[in-house]
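The values are calculated or read from the model by the stated rules, or taken from the named source; none is laboratory data. Keep in mind the model is a prediction, meaning the values are calculated, not measured. Glycine gets a Cβ as well: all are built from the backbone with ideal geometry, and neighbour counts include every protein chain shown.
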Amino acid sequence: MSSNEARAAVEAVWRMESARIVGALARYTGDFPLAEDLAQEALAEALVTWSVNGVPAEPVGWLLTTGRRRAVDTFRRRAARDEKYALLARDLSEELPGADSLFSPDAIDDDVLALMFISCHPVLSKEARIALTLRVVGGMGTDEIAKAFLVPVPTIQARVTRAKKTLAAAHIPFAVPETREVPERLGSVLQVIYLIFTEGSFASGGDSWMRVDLAGEARRLGRVLTRLAPEPEVFGLLALMELTAARFPARLDTSGRPVLLEDQDRRLWDQSAIRRGRAALARAVAAGRGLGAYGLQASIAECHAVARSVAEADWQRIVILYEALGRLVPSPVVELNRAVAVAMASGPAAGLELADAIRSRGELKVSHLLPAVRGEMLARLGRRGEAKSALQQAVALCSNAAERAVLERKIEELARP
């Protein structure tokens, strides 16, 4: 087997099984940062060994066994008196069946869930949580993460390293949190997955409007989480991601240029994703606890998914849902979205009044969203000069090249007689 073939095989196994591998090693050693390092060392050894001997019949078992032996070497180096080393050495001497004791089906779900809770622990910064989750749970390489978030590879490497050191210093145990801790910690996990999906579906910078692979990874993590923690808001987030992703096939034209919602060919929407999203939303509603922030956003996305056109969407219901969302999680962005919905339901003048109120409060000063929305509403009111000025301001603030192009086309249209 060539080195390239070996690398491809290692990458495939890691992408699919990274969470289980690191989780099993973390359970075995009781040390999450060490487990991640051991897994990386096992991968490095696999690159060499598999290119010579071929891919083993049980590649995951091979990696776990290699990681376990590296753990023994690590504890041996640390101190001969270390109790963990003594225990691990005894296990090896008793000829345990390779990785079987590590890769226990009864422990896999708990391992992955614990890994998610640790990677998204509130003790870490938002950026560190995202990087560590994609690295350890998602199996993405630092170069992939850096490319997705448009930052240098050393920056991602530093975030991951810093995160592991922080977890070690804080003595965070590798375990599913106690029942009383779950709601807060689960909220952190959901936020990380949501942030990953948002960056994938609406890229904050660069030339591409979307990063479909990144959004796809968030959806995969969301599906895993519904199995591990079947809470209503987990289903709400999955529903939101599925219903939003359903529109991906229609969001770019054949030349790769962005297509706005009102211009999209809805026949291209992914009906399977819509069905999955609506089913997940139904699970959230069926719990009878009321929808949370993600469930409310999913309900808004469902309104669009079932409508035959933008004009036929139930805008009155969308306004109500945004009002509920704004009470639950007050935010100028939510208020701006409500203004758009009000403009569709009651006319652009009503929407512009709400948008101007946000502007008068000095909110969203550095965001292109507010002037972009105001420009659209002003154009609908026939105030072309003001609309052009607002859209020019939006262009100056927008960091995404594809989205800037959309705004510039709107300015060109306003300049036509």
Review point. Applying the selection to the range 312-328, what residues are in a loop (DSSP other than H, G, I, E, B) and either surrounded by 14 or more Cβ atoms within 10 Å (Cβ to Cβ) or touching a residue at least 40 places away in the same chain (Cβ under 8 Å) (or both)?
Key: Ala313, Asp314
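Look through Phe117, Phe197 and report the one residue that is over 30 Å from Ala394 (Cα atoms) and either assigned to a helix (DSSP H, G or I) or free of Cβ contacts under 8 Å to residues at least 24 places away in the same chain (or both).
Phe117
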**Study point:** Residue check, Val136 touching a residue at least 60 places away in the same chain (Cβ under 8 Å) and either over 16 Å from Arg15 (Cα atoms) or among the aliphatic types (A, V, I, L, M) (or both)
**Key:** yes
Check your understanding: What number of residues within the range 226-259 are within 19 Å of Val306 (Cβ to Cβ) and of a type outside the set (Gly, Ala, Ser)?
Key -> 11
Check your understanding: Which ranges mark the helices (runs of 4 or more DSSP H) fully within the range 330-417 that have 2 or more residues being under 30 Å from Ser255 (Cβ atoms) and out of contact with any Cys (no Cβ under 6 Å at 6 or more places or on another chain)?
Key -> 332-346, 369-380, 384-397, 401-415
Practice item. Determine if the range 28-37 includes at least one residue that is touching a Ser or Thr at 6+ places or on another chain (Cβ under 9 Å), part of a helix (DSSP H, G or I), under 26 Å from Ala168 (Cβ atoms) and at pLDDT below 85. Key: yes
Point to revise | Conditions (1) modelled with pLDDT of 95 or more; (2) surrounded by fewer than 19 Cβ atoms within 10 Å (Cβ to Cβ); (3) of a type in the set (Gly, Ala, Ser); number of the one not met by Gly216 | key: (1)
Point to revise | Neighbours by Cβ (under 6 Å, 6+ apart or cross-chain): first from the range 175-187, buried (at least 16 other Cβ atoms within 10 Å of the Cβ); second of a type outside the set (Gly, Ala, Ser) and modelled with pLDDT under 80 | key: Val176/Asp110
**Study point:** Selection count, the range 168-192, where residues are aliphatic (A, V, I, L, M), within 21 Å of the chain's Cα centre (by Cα) and at pLDDT 85 or above
**Key:** 4
Point to revise | Test: residue in the range 152-161 that is touching a residue at least 60 places away in the same chain (Cβ under 8 Å) and either surrounded by 15 or more Cβ atoms within 10 Å (Cβ to Cβ) or part of a loop (DSSP other than H, G, I, E, B) (or both) | key: no
Review point. Can you tell me which of Val160, Val136, Val151 is among the β-branched types (Val, Ile, Thr) and modelled with pLDDT of 90 or more?
Key: Val160
**Study point:** Residue match in the range 222-237 (condition: of a type in the set (Asp, Glu), within 26 Å of Ala286 (Cα to Cα), part of a helix (DSSP H, G or I) and not assigned by TED's automatic domain parsing to the domain that holds Thr29)
**Key:** yes
Check your understanding: Is it the case that the range 253-274 has a residue that's of a type outside the set (Phe, Trp, Tyr), under 19 Å from Glu231 (Cβ atoms) and assigned by TED's automatic domain parsing to the domain that holds Leu190?
Key -> no
Check your understanding: What residue, among those in the range 337-386 that are under 30 Å from the mean Cα position of the chain (by Cα) and of a type in the set (Asp, Glu), is surrounded by the most Cβ atoms within 10 Å (Cβ to Cβ)?
Key -> Glu376
Point to revise | Filter result for Leu321 (within 28 Å of Lys365 (Cβ to Cβ) and at pLDDT 95 or above) | key: yes
Check your understanding: Hey, any hits in the range 239-249 for a residue that's modelled with pLDDT of 95 or more, more than 29 Å from Lys410 (Cα to Cα), touching a Leu at 6+ places or on another chain (Cβ under 7 Å) and in the same structural domain as Leu186 (by TED's automatic domain parsing)?
Key -> yes
Practice item. Please identify the pairs in which a residue from the range 278-305 that is in contact (Cβ under 8 Å) with a residue 40 or more places away in the chain and of a type in the set (Gly, Ala, Ser) has its Cβ atom under 7 Å from the Cβ atom of a residue that is surrounded by 21 or more Cβ atoms within 10 Å (Cβ to Cβ) and part of a loop (DSSP other than H, G, I, E, B), counting only partners at least 6 apart or on another chain. Key: Ala284/Leu291; Ala305/Ala246
**Study point:** Which listed residue, of Ala39, Ala35, Ala19, is in contact with a helix residue (DSSP H, G or I) (Cβ under 6 Å, 6 or more places away or on another chain) and without any contact (Cβ under 8 Å) to a residue 60 or more places away in the chain
**Key:** Ala39
Check your understanding: Quick check, is Val60 at pLDDT 85 or above and touching an Asp or Glu at 6+ places or on another chain (Cβ under 7 Å)?
Key -> yes
